[in-house]
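A short write-up of the structure that comes next.
Quick note: the coordinates plus some simple rules give every number you see, no bench work behind them. Treat the numbers as computed from the prediction; the structure is a model and nothing was measured. Note that each Cβ is placed from the backbone with ideal geometry, even for glycine, and that neighbours are counted across all protein chains shown.
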Amino acid sequence: MILCPAMSLESDLYAPVKALLEGQGYVVKGEVRGCDVVAVRGDEPPVVVELKRTFGLSLVLQGVDRLALTDLVYLAVGQWPKKMKNVRKLCRRLGLGFIVVGAAKADVVLDPVPYLPRKNKRKAGRMLGEHARRVGDPNLGGQAMRAPLMTAYRQEALRCATLLAVNGPMKVAALRATGDVPKAARILQDDIYGWFERVERGVYALTPAGKAGLQRFDRKSA
């Protein structure tokens, strides 16, 4: 995607945006009651455009404020945002349009339409399932993602590791029978952490990595 050169002044965006709207039959005027651009065409709802050299929170807040005046609100910037996909998603959610202004013309990237999000029942189900299975509250909300999170899966793997550390090699059925690790078979077979090894059919033991994992997560394993 080609980047438009950033404009030195917000007012540099006005002429291309005005030309765009006038080409669609609008009567366009600048700085009307605090709005950067107001365009009117007959009895239709007015179009309001807020101008900024680059995309940012202040521009979004201005756009949201203008939605009290009309449903046809555009944000116009003089440079393509680095995360255009995220910007488009945000604007769609807020019901805002988006315009990128180049040296010669303004291009409409997104028209404002009411956003009606479709709920992802599968993702919601996973979230609620994780919440229900996780024991206690071992993670700090907002903690850096670099630190491994204590998930329900990891908690169950730690319970498997604890039983193996105490009892030595055990059968999967015996681990399940404790009631603490209902998904023992899947956890031992997948062994995504490298904590377990099969010593014979249906029997697993703890690896050195598993012992290290127990020490590392001892305080968080709830």
Review point. Out of all the residues in the stretch 76-83, is one or more surrounded by fewer than 15 Cβ atoms within 10 Å (Cβ to Cβ), without any contact (Cβ under 8 Å) to a residue 60 or more places away in the chain and either out of contact with any Pro (no Cβ under 6 Å at 6 or more places or on another chain) or hydroxyl-bearing (Ser, Thr, Tyr) (or both)?
Key: yes
Point to revise | Residue match in the stretch 58-73 (condition: over 18 Å from LEU13 (Cα atoms), under 20 Å from the mean Cα position of the chain (by Cα) and in contact (Cβ under 8 Å) with a residue 40 or more places away in the chain) | key: no
**Study point:** Residue check, VAL113 assigned to a strand (DSSP E or B) and over 19 Å from the mean Cα position of the chain (by Cα)
**Key:** no
Study note, to complete from the structure: Inside the stretch 95-109, the number of residues satisfying the requirement of being part of a strand (DSSP E or B) and crowded, with 17+ Cβ neighbours inside 10 Å is 7
Review point. If you check ASP180, ASP137, which single one turns out to be over 32 Å from the mean Cα position of the chain (by Cα) and outside any helix (DSSP H, G or I)?
Key: ASP180
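The rows are residues; the columns are (1) more than 25 Å from ASN139 (Cα to Cα); (2) surrounded by 18 or more Cβ atoms within 10 Å (Cβ to Cβ).
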position: ARG154; (1), (2): no, yes
position: PRO182; (1), (2): no, no
position: LEU188; (1), (2): no, yes
position: GLU197; (1), (2): yes, no
position: GLY213; (1), (2): no, yes
